[in-house]
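Just so it is clear, none of the values below were taken in a lab; they were calculated from the coordinates. Everything quoted here is computed from the prediction, not taken from an experiment. Backbone-built Cβ (ideal geometry, glycine too); neighbour counts: all protein chains shown.
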Amino acid sequence: MDQYRIGNEKLIRVLDAASARLRGLLEKQGRPQGALRVAVIGGGCSGLQYKMDLVDGPANRDIIVESNRVRVVVDPKSALFVSGSELDFSDDLQKGGFKVTNPNAVAHCSCGESFSA
């Protein structure tokens, strides 16, 4: 059985728009108990970028956070970078989608997709 830790909103907090959108996506996929995986990977114009996927639940060593009636899973390495972040969603045509607002990021690129910490 996978071992994972329970985190709290100090790691990542899900805002209303992101919660509603995420619940809708999971329902559509037939996995209402699923979660959003938020990972930080190398790349992007500022050195680090977010990668998000819908998953069934936490994998080994993940940290799971329940916030605003949805679940978010983060691996331990990514948790160092996302700590204190907020997850929002925008319908904007240009910059729509899930967005992470990260207080640890010291530099953001103009596209808003990557950052450095």
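Restricting to the chain, compute how many DSSP beta bridges are antiparallel as a %, nearest 5. Walk me through the numbers before you get to the answer.
Values: 22 of 29 bridges.
Roughly 75 percent of the beta bridges in the chain run antiparallel, per DSSP.
How far, in nm, would the chain grow between Ser83 and Val55 when pulled straight, counting 0.36 nm per residue and subtracting the alpha carbon separation? Write down the numbers at each step before the final one.
Numbers: separation 28, 0.36 × 28 = 10.08 nm, distance 2.02 nm.
Length difference between fully extended and current span is 8.1 nm.
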Self-check item: Under 16 Å from the Asp91 label point (7 Å along Cα→beta-carbon), backbone N, the stretch 9-38
Solution: 16-25
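By the gyration tensor of its Cα atoms, with a ≥ b ≥ c the square roots of the eigenvalues, what is the shape of the stretch 5-116: rounded for a/c under 1.5, prolate for a/b over b/c, or oblate?
Note, shape of the stretch 5-116 comes out oblate.
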Quiz item: Spin-label point model (7 Å from Cα, Cβ direction): what's the Glu27 to Arg69 distance in nm?
Solution: 0.9 nm
